[in-house]
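What follows is one structure encoded as structure tokens, with my remarks underneath.
The values are calculated or read from the model by the stated rules, or taken from the named source; none is laboratory data. Because the structure is a prediction, the values reported are computed rather than measured. Heavy atoms of the whole protein, side chains included, go into the accessibility calculation; ligands, DNA and RNA do not. Shrake-Rupley method; radii C 1.70, N 1.55, O 1.52, S 1.80 Å.
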Amino acid sequence: MVQNRREAIDRSLEEAACLAGMESSEWAAIEAGHIPADPARLRSMAAAIEVRFDQMSLLVYLCQGAWAA
């Protein structure tokens, strides 16, 4: 879902990661279902894909559930 939003606004993984101040590998891990321990990471990601923090938290939570099944 994070990936879908990123792609919907036409951002590459590398561009989004750069805007969030992250390594591309860290961004990719979160798209794959890893939940970062630091909420500040989610805030920076939210800004990079132009969503509110609460929406970002929900997207990451839903992604985590998708891979847990």
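With a 1.4 Å probe rolled over the protein heavy atoms of all chains, the accessible area of 1, 45 falls in the order 1, 45, largest first.
The long axis of helix 53-68 is offset from the longest Cα principal axis of the chain by roughly 50 degrees.
Taking only Cα atoms, what is the 0 to 90° angle, nearest 10, from helix 39-48's long axis to the longest principal axis of the chain? Its long axis makes an angle of about 50 degrees. For the chain, the alpha carbon convex hull comes to 69 Å³ per residue, rounded to a whole number.
Across the chain, C-alpha contacts under 8 Å between residues 6 or more apart give a mean separation that, scaled by the residue count, equals a relative contact order of 37 percent.
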